[in-house]
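Shown next, in structure tokens, is the structure this report addresses.
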């Protein structure tokens, strides 16, 4: 469906889960992909919270490819809550989730090719929360807002959008019953649901879309569920 031959994609947090699926989808579409992750991968291992690591990664991408067509900020920020989260925990989450996307974009900005696109991976947590998730929610809300700021600053050069995944199953677990029924789509999401959306937003088909957030959650955030609805009961 997508043809990205001779294109270069950069994916942060691309060694597992959604990020790995995005990397595989780009490669299947013909793109060359540069990955950075704390976990082992075939391109660059490093901590996105570290400024010098970001600079070294950007230098390698430029040296290897000379340009960037697609930049996907996917790296997962640390989760800590108001009760037990430390200053350092919260700061680290924002470095990975907001500061790194800003700075890596800045470093690579001179090298974006014609028709370039950035896709930031936010979360449906940018509009809803569970208890004790302050750092993750703040980081995801931050990158959602960073999206429209960058879209304006880079207008005419790079389109910038974000994707907010809902419940995405990164394991082989089968979710049915109430877990599935709380989604109007009738199922829990899969990494390919996010990868497909990312590739669409990078393609020419999305050429008139910028500064936008796409919530890919099977409709979960649109359906009100009370105690006793859809097979769900509150557990005290």
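So residue 42 fits all but one of (1) in contact (Cβ under 8 Å) with a residue 24 or more places away in the chain; (2) over 25 Å from residue 164 (Cα atoms); what number is the exception?
(1)
Return yes when residue 146 is crowded, with 21+ Cβ neighbours inside 10 Å, at pLDDT 95 or above and farther than 19 Å from residue 166 by Cβ and no when it is not.
For residue 146, the condition - crowded, with 21+ Cβ neighbours inside 10 Å, at pLDDT 95 or above and farther than 19 Å from residue 166 by Cβ - is met.
Only one residue in 87, 136 is out of contact with any strand residue (DSSP E or B) (no Cβ under 8 Å at 6 or more places or on another chain) and farther than 25 Å from residue 221 by Cβ. Which one?
The unique qualifying residue is 87.
What number of residues in the stretch 43-66 are closer than 17 Å to residue 27 by Cα and surrounded by fewer than 16 Cβ atoms within 10 Å (Cβ to Cβ)?
1
If I ask for residues that are more than 14 Å from the chain's Cα centre (by Cα) and within 23 Å of residue 195 (Cα to Cα), which ones from the stretch 110-121 would you list?
Hits for the stretch 110-121 are 112, 113, 114, 115, 116.
I need the full set of residues from the stretch 75-104 which are assigned to a helix (DSSP H, G or I), touching a residue at least 60 places away in the same chain (Cβ under 8 Å) and within 14 Å of residue 142 (Cβ to Cβ), in order please.
Of everything in the stretch 75-104, those that are assigned to a helix (DSSP H, G or I), touching a residue at least 60 places away in the same chain (Cβ under 8 Å) and within 14 Å of residue 142 (Cβ to Cβ) turn out to be 100, 101.
What about residue 18, is it buried (at least 19 other Cβ atoms within 10 Å of the Cβ) and either farther than 18 Å from residue 109 by Cα or at pLDDT below 95 (or both)?
The answer is yes for residue 18.
Regarding the stretch 205-212, can at least one residue be identified that is crowded, with 18+ Cβ neighbours inside 10 Å, in contact (Cβ under 8 Å) with a residue 40 or more places away in the chain, farther than 28 Å from residue 172 by Cβ and touching a strand residue (DSSP E or B) at 6+ places or on another chain (Cβ under 9 Å)?
Yes: one or more hits.
Pick from the stretch 166-196 the residues that are buried (at least 21 other Cβ atoms within 10 Å of the Cβ) and at pLDDT 95 or above: which of them is farthest from residue 120 (Cα to Cα)?
193
Go through (1) more than 20 Å from residue 17 (Cβ to Cβ); (2) modelled with pLDDT of 90 or more; (3) in a helix (DSSP H, G or I); (4) touching a helix residue (DSSP H, G or I) at 6+ places or on another chain (Cβ under 7 Å) for residue 230 and report which single condition fails.
Among (1) more than 20 Å from residue 17 (Cβ to Cβ); (2) modelled with pLDDT of 90 or more; (3) in a helix (DSSP H, G or I); (4) touching a helix residue (DSSP H, G or I) at 6+ places or on another chain (Cβ under 7 Å), the lone unmet condition for residue 230 is (2).
Which one of these is touching a helix residue (DSSP H, G or I) at 6+ places or on another chain (Cβ under 8 Å) and either farther than 30 Å from residue 8 by Cα or surrounded by fewer than 16 Cβ atoms within 10 Å (Cβ to Cβ) (or both): 89, 126?
89
The values are calculated or read from the model by the stated rules, or taken from the named source; none is laboratory data. This structure is a prediction, so every number in the text was calculated from the model and none was measured. Cβ coordinates were reconstructed from backbone atoms using ideal geometry, including for glycine residues, and neighbour counts include every protein chain displayed.
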